[in-house]
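A short write-up of the structure that comes next.
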Amino acid sequence: MPKLLSKAQIERYREEGFVAPVRVMPKAEALALRAQLERFERDTGAPLKGDLRHKPHLLFTWLAALVRHPRILDAVEDLYGPDLLCWSSSFFIKERESPAFVSWHQDSTYWGLDRPDVVSAWVAFTPANTGNGAMRVLPGSHRFDQVAHRDTFAKHNLLTRGQEVAVEVDERQTAPLELEPGEMSLHHVRLVHGSPPNLSEDRRIGLAIRYMPTTVRQIAGSEDSATLVRGEDRFGNFAPEPAPPGDLDPAMVELHRRITERNVRILYRGTNVESFNDPRGAGLR
Ligand SMILES: O=C(O)CCC(=O)C(=O)O
């Protein structure tokens, strides 16, 4: 018996590589998460950028709770079983009327994971629609093997290397993943997807949370870490990550710095980019 998804939704994920929308929390709770983020941004005087967009669940208690949200985990368990790691999380924030975009890509390209049993839960803090740069997906493309990508390092591309699939994507075959605040979409790590700029008068904010069963391994870096969010880890393929005891706890800030450095070495391997804040890299800036 599935815990949250219907049989039809599970079938859709298997056949088409995505499911949306799935309600995670009431709209008011998602707007409260947005307010938390924007309070931090007001206090620091700038939009969240660079390293802080990467694995922020290790820095903020309210995101540590989100990656452990029972409804998200129930849905992920319906797809990948009861022993689950959160490998990563990333804020995808598009400012109002901004040129930021995401090129057509498969997530699996540079993550270094040994097999494509990985799903992203993209949780909406604001509406995501065709007017403000919602994701679009190519249904069924998760069945492709790994497709060749080229790195563009395009200035406004939110991906780390501005990577894009080296084949033409016919936009007429793609579908939008429109969400209301508090809803999520689920997409497979091999699904070809991307998103256009936000032409609206408000920000578009989502947290993409990457989940996988504990059996997956990292094969591109000597060491990697992940957060056990449900069940038991009988494989120990990833160093365990603790939950932050408070927002920006100094020990967690230091751990996040070390983990981010290691992740940069995996994600930017073969380039000379040294950090998410490095102007030579695209993405998450
Ligand atoms: O937020 C977006 O527009 C794109 C997100 C994305 O590429 C991802 O979650 O893998």
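The values are calculated or read from the model by the stated rules, or taken from the named source; none is laboratory data. Since we're looking at a predicted model, the values are computed, not measured. Neighbour counts are summed over all protein chains in view; Cβ atoms, including those assigned to glycine, are modelled from backbone coordinates with ideal geometry.
Screening the candidates Tyr80, Tyr110 for the property of being hydroxyl-bearing (Ser, Thr, Tyr), at pLDDT below 95 and at negative phi yields one hit, Tyr110. Only residues that are within 15 Å of the chain's Cα centre (by Cα) and part of a loop (DSSP other than H, G, I, E, B) were counted across region 132-160, and they come to 5. Can you pull out the residues in region 153-184 that are more than 22 Å from Asn132 (Cβ to Cβ), out of contact with any helix residue (DSSP H, G or I) (no Cβ under 9 Å at 6 or more places or on another chain) and at pLDDT below 90? Within region 153-184, Phe153, Val167 meet the criteria.
One residue is enough: does region 41-49 have a residue meeting the conditions in contact (Cβ under 8 Å) with a residue 60 or more places away in the chain, under 26 Å from Asn237 (Cβ atoms) and basic (Lys, Arg)? Checked region 41-49: no residue is in contact (Cβ under 8 Å) with a residue 60 or more places away in the chain, under 26 Å from Asn237 (Cβ atoms) and basic (Lys, Arg).
Within region 175-193, if we keep just the residues that are within 11 Å of the ligand (Cβ to nearest atom) and assigned to a loop (DSSP other than H, G, I, E, B), the residue that is surrounded by the most Cβ atoms within 10 Å (Cβ to Cβ) turns out to be Leu191. Among residues that are surrounded by 14 or more Cβ atoms within 10 Å (Cβ to Cβ) and either closer than 19 Å to Asp78 by Cβ or among the polar types (S, T, N, Q) (or both), Gln218 is included.
Cβ-Cβ distances below 9 Å connect the following pairs, each with a first residue in region 65-91 that is basic (Lys, Arg), a second residue that is away from the ligand (no atom under 16 Å from the Cβ) and not in a loop (DSSP other than H, G, I, E, B), and a separation of six or more residues or different chains: Arg68/Thr227; Arg68/Val229; Arg68/Arg230; Arg71/Arg23. Of the candidates Glu223, Glu201, the single residue that is more than 23 Å from Glu16 (Cβ to Cβ), surrounded by fewer than 21 Cβ atoms within 10 Å (Cβ to Cβ), out of contact with any strand residue (DSSP E or B) (no Cβ under 7 Å at 6 or more places or on another chain) and touching a residue at least 12 places away in the same chain (Cβ under 8 Å) is Glu201. Every condition in (1) touching a residue at least 40 places away in the same chain (Cβ under 8 Å); (2) touching an Asp or Glu at 6+ places or on another chain (Cβ under 9 Å); (3) surrounded by fewer than 14 Cβ atoms within 10 Å (Cβ to Cβ) is met by Gly231 except one, and the failing one is (3). Residues in region 51-64 that are more than 12 Å from Arg210 (Cβ to Cβ) and either without any contact (Cβ under 8 Å) to a residue 24 or more places away in the chain or not basic (Lys, Arg) (or both): Asp51, Leu52, Pro56, Leu58, Leu59, Phe60, Thr61, Trp62, Leu63, Ala64.
Looking across region 194-228, just one residue is over 20 Å from the mean Cα position of the chain (by Cα), hydroxyl-bearing (Ser, Thr, Tyr) and within 14 Å of the ligand (Cβ to nearest atom), and that is Ser200. From the list Glu95, Glu77, the lone residue that is over 13 Å from the mean Cα position of the chain (by Cα) and either among the polar types (S, T, N, Q) or closer than 26 Å to His256 by Cβ (or both) is Glu95.
Taking helices (runs of 4 or more DSSP H) as the structural unit, those lying wholly within region 1-104 and holding at least 3 residues that are over 26 Å from Pro176 (Cα atoms) and of a type in the set (D, E, K, R) correspond to 27-44. Scanning region 238-261 for residues that are touching a strand residue (DSSP E or B) at 6+ places or on another chain (Cβ under 7 Å) and either without any contact (Cβ under 8 Å) to a residue 24 or more places away in the chain or assigned to a helix (DSSP H, G or I) (or both) returns Ala239, Pro240, Ile259, Thr260.
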